[in-house]
Ligand code: GLA
């Protein structure tokens, strides 16, 4: 809901209020962002406003008529450059008069039902309980206008912000920075929480106390990057996962981004988010305009968990669109880790048969199906099917897979080209290179110039042809290198390259997938190198990481879960020892972690033992039963006072069904009690809590088997090895019941194995062990 009262604007969501007013000179002054204020009116403004009863030393007065009015001290909704605000400027533009100075003042506002779509970039969508406010500002020289858009997503407690600069002069404006949003908050001793890493270690949580000066979270790799996800939080002093004031920010953009928090000498914190000004300059010609991507904000007084849950419902409701919105995501099998580039139709069909038998619903053929693609040195850019590997082509393979009762999906990497490819030999000018400079390769490949309309047409046509040539229900769209040598002959001003590349990518995705709405798109970029809200506008799910080691995934999926719902996170079970970490983990833990996401399997199914096959079949059956709870339930990162434990929980919307994961990284000797601290249940109804039964493999106990088996067996001998393939033990199963309130008070669990005693009530977790608990309302 948006209300306006004498130049004061109040934006209300279910639990939050955002307020600003227009000062006597016409600057938009920020008043408040926090818990919902009931029915404030214009009288609230002087109360909420930062007082200006004295001049702050060493400031520049905006006008000699009011020496206390300095832009450097005012909390502003947007700021200008060169008028006395010396904090980081949200705008840097070479104006027609040759100066970098501008001063935008209020001219009016407009309120619109629903969201106001963007012309050049994807943005959030929605009509019901959605309203937009546009504040128009005009530069004092009448050379440019700046529109500030606020869209209020009432039910999901999110407000988005973006701005549009319009050139109203007769010469070009050269934009060097245009932040999507500027927000000045009074300091609450914030901690900035960011999600950083690299390949195979995406989205690890990092926390930094905001101190004087600027703390930056940014990417310059050409994509939103695995180094620093665009999303971040500012958490007030004393916050926890469950309590305290937390502000969340994210950007609907897949290119270079910059988010920052600047603590000023007067203890205001300036927050900005938008396109990274690094190597950016954009010429806005007379009567043209430039749209900054949409930024997303939320506030919760219920800690990091509360802010995360706002983002989750916002993304499920207003970012993900199309046929797959809020629909159960299929359990898939992907052949990549089983085969890499080495496969033929026989191998694929054998894997598919196994996958079907286990319960998979979708078979995905990954890299290596086209051109001369037998390694990552050749073939990218070409779309002819490798007939040696697939004599019946994709049509033949897809129809065989379909007739087994599974859907068929396919991998593409359309933004790239290998020098050793037909496309590069015919059209070297399609690749991104700087004339006269030898380009730098990444994974042996060059980037295709998506700024060039001819290249975009090539991709749309060829990917489209393949998609229409066979029954393809899913696409994995990969992008496996950072961008260097940024240059396109299609533009004069190379400062536009990175932004135009991303606009080109969005155009291509739109042209390919809008006419084919049945296709489920999963985006990927060497894992989670482009896990952002821009991609989620096209692909309902994203491959989180090439690292499927469950212990690493606790950090990766745990980090991503702060910003993105589980329905968006691709999570697979792969082989052990793991190919990136060499860590050995139980099949149960690999599944238990992957269940908190869109489940898939990616190991060589032909190598499974009978016992493993039986276990995977049960896992998939179980996941299908609870998949809506895992993918779309309310998600909680539960308190786990011990450093070696991670606990997660998903609760169905009616709060009758829930699943919780208890994960142990390294086991400790003779540890004290483990307490399961569940959340989100109804306090006054009765629930049962039971461990999901799972298997223990005899071999993992080595010589210890002598304590439980009637005969003593050599741990390295054939008998134990053979028995391990066929027989498993059942892990300890616990059962509890009680009212929601009692259960949420914390359940001390059965003892773990402590080296002194064992019976069927002993939890055998060890290193990397885990259990799932199922919580059901008794009247469900
Ligand atoms: C990237 C992806 C992997 C796989 C390979 C294929 O690394 O992240 O999942 O698709 O490419 O080359």
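The values are calculated or read from the model by the stated rules, or taken from the named source; none is laboratory data. No experiment lies behind these values; they were computed from the predicted model shown. No Cβ is skipped: glycine too gets one built from the backbone with ideal geometry, and neighbour counts run over all protein chains shown.
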Filtering the range 693-703 down to residues that are within 43 Å of the chain's Cα centre (by Cα) and part of a helix (DSSP H, G or I), which residue is surrounded by the fewest Cβ atoms within 10 Å (Cβ to Cβ)? 702
Got a number for residues in the range 358-368 being in contact with a strand residue (DSSP E or B) (Cβ under 8 Å, 6 or more places away or on another chain) and surrounded by fewer than 23 Cβ atoms within 10 Å (Cβ to Cβ)? 5
Pick out, from the range 265-337, the strands (runs of 3 or more DSSP E) lying fully within it that include 2 or more residues that are within 16 Å of the ligand (Cβ to nearest atom). 332-334
Look through the range 594-613, keep the residues that are assigned to a helix (DSSP H, G or I) and in contact with a strand residue (DSSP E or B) (Cβ under 8 Å, 6 or more places away or on another chain), and return whichever of them is modelled with the lowest pLDDT. 611
Candidates 180, 169 - the one that is closer than 29 Å to residue 451 by Cβ and not in a strand (DSSP E or B): 169
Residue list for the range 344-357, restricted to those being buried (at least 19 other Cβ atoms within 10 Å of the Cβ) and in a loop (DSSP other than H, G, I, E, B): none
If I filter the range 618-633 for residues that are outside the structural domain of residue 346 (by TED's automatic domain parsing), closer than 25 Å to residue 526 by Cβ and assigned to a helix (DSSP H, G or I), do I get at least one hit? yes
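Let's see how each residue does on (1) touching a strand residue (DSSP E or B) at 6+ places or on another chain (Cβ under 8 Å); (2) within 16 Å of the ligand (Cβ to nearest atom); (3) at pLDDT 95 or above; (4) closer than 25 Å to residue 365 by Cβ:
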position	(1), (2), (3), (4)
454	no, no, yes, no
457	no, no, yes, no
461	no, no, yes, yes
468	no, no, yes, yes
477	yes, yes, yes, yes
Tally, over the range 243-263, of residues that are assigned to a loop (DSSP other than H, G, I, E, B) and surrounded by fewer than 19 Cβ atoms within 10 Å (Cβ to Cβ): 1
I'd like the residue in the range 430-445 that is touching a strand residue (DSSP E or B) at 6+ places or on another chain (Cβ under 7 Å) and over 8 Å from residue 485 (Cβ atoms) and, out of all such residues, is surrounded by the fewest Cβ atoms within 10 Å (Cβ to Cβ). 444
Check whether at least one residue in the range 153-163 is buried (at least 21 other Cβ atoms within 10 Å of the Cβ), assigned by TED's automatic domain parsing to the domain that holds residue 280 and not in a strand (DSSP E or B), and report yes or no. yes
Pick from the range 401-446, criterion in contact with a helix residue (DSSP H, G or I) (Cβ under 6 Å, 6 or more places away or on another chain) and part of a helix (DSSP H, G or I), ranking: nearest to the ligand (Cβ to nearest atom): 401
Filter result (assigned to a loop (DSSP other than H, G, I, E, B) and touching a helix residue (DSSP H, G or I) at 6+ places or on another chain (Cβ under 8 Å)) within the range 710-740: 712, 713, 714, 715, 727, 731
